[in-house]
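The values are calculated or read from the model by the stated rules, or taken from the named source; none is laboratory data. Predicted model, so just to flag it, every value in this text is computed and none were measured. All Cβ positions, even for glycine, are placed from backbone atoms using ideal geometry, and neighbour counts span all protein chains on display.
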Amino acid sequence: MDAKRNSVPVVILAGGRGTRLQEETTARPKPMVEIGGRPILWHIMKHYAHYGEDEFLIACGYMGDFIKGYFLDQYSLSGNLKIDFGREMVQRQESSSESWSVNLVDTGLATNTGGRLLRLKQWLDGGTFMLTYGDGISNVDVEQLLAFHRSHGRLATVTAVRPPARFGGLVMEGDLVHRFTEKPVSGEGWINGGFLVLEPGIFDYLKSDTCSLEADALERVAADGQLAAFRHGDFWQCMDTLRDKEYLQRLWDSDEVPWRSWEADACEPRLRLLPKEKAA
């Protein structure tokens, strides 16, 4: 893909089944679950775009056509339409001002996280790129994250966040990840919050669809002393469960939206996505 000057591609893993959020994910893929009338995927992309990173590669899998349909609708139906029945013409007026370039790539129904990234190798231009998960939002400063990564000269940088206790942890020595743990480390408790920056050498750690980005790649990168950690002590939240989703919705409804780095649009939300079986 043709990356814009001074920007890097952003990979978003959006192919999982979201089994812990089945109240929502039987009707739509997890990245399409809505907060404030917009898919969480949209919130993630708006945050990156605020920092000028608007070249996206979406790794689709489970219900990938649903994600594709959303972006097609965003492109076709945003703004105003003039329909001339006599001349059989449709004119789009005042359409969405998003500058995004979005590549929607099928990466397999059961492919693991590392395998999904491996399938995107041909779409990347051989330079630095970013990666995050399609179910976690944050107010991390993407510009500072990228500068941190480049200043440390490592193969990969992970955004380290403070988690709920159910997540595994990172053991860090200075700005480098020493190893992963099954439980958060007492007194520190940092975990992989996504929002990674990666160099093309990461593909040397990925061999097949069954590879885990975390277990098969990042743990080995850490063991090789090539994984830096950008500590982010401010807002971060994943959407693993219905409780998480309801918490994020309450934040949005209260107008205390810590992840909304972009200027609020008076028209938000412009397009509400309905489950397929309820769509007109």
Reported set for the range 139-162 where residues are within 17 Å of residue 225 (Cβ to Cβ) and without any contact (Cβ under 8 Å) to a residue 60 or more places away in the chain is 151, 153
In the range 142-156, how many are out of contact with any helix residue (DSSP H, G or I) (no Cβ under 9 Å at 6 or more places or on another chain) and among the charged types (D, E, K, R)? 2
How many of the residues in the range 206-235 are in a loop (DSSP other than H, G, I, E, B) and either of a type in the set (A, V, I, L, M, F, W, C) or over 15 Å from residue 156 (Cβ atoms) (or both)? 10
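Within the range 109-122, which residues are assigned to a loop (DSSP other than H, G, I, E, B), in contact with a Gly (Cβ under 8 Å, 6 or more places away or on another chain) and surrounded by 14 or more Cβ atoms within 10 Å (Cβ to Cβ)?
111 - this is the single residue of the range 109-122 that is assigned to a loop (DSSP other than H, G, I, E, B), in contact with a Gly (Cβ under 8 Å, 6 or more places away or on another chain) and surrounded by 14 or more Cβ atoms within 10 Å (Cβ to Cβ).
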Can you tell me which residues in the range 44-96 are of a type in the set (Asp, Glu), surrounded by fewer than 12 Cβ atoms within 10 Å (Cβ to Cβ) and part of a loop (DSSP other than H, G, I, E, B)? 88, 94
Taking the range 7-32 and keeping only residues that are in a loop (DSSP other than H, G, I, E, B) and modelled with pLDDT of 95 or more, one is left with 8, 9
Considering only the range 237-258, state which residues are surrounded by 18 or more Cβ atoms within 10 Å (Cβ to Cβ), under 20 Å from residue 192 (Cβ atoms) and not acidic (Asp, Glu). 237, 238, 239, 248
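Could you say which residue among 125, 141, 106, 175 is surrounded by fewer than 22 Cβ atoms within 10 Å (Cβ to Cβ), modelled with pLDDT of 95 or more and more than 15 Å from the chain's Cα centre (by Cα)?
Exactly one of 125, 141, 106, 175 is surrounded by fewer than 22 Cβ atoms within 10 Å (Cβ to Cβ), modelled with pLDDT of 95 or more and more than 15 Å from the chain's Cα centre (by Cα), namely 106.
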Positions within the range 37-51 being small (Gly, Ala, Ser) and either under 14 Å from the mean Cα position of the chain (by Cα) or modelled with pLDDT of 95 or more (or both), in sequence order: 49
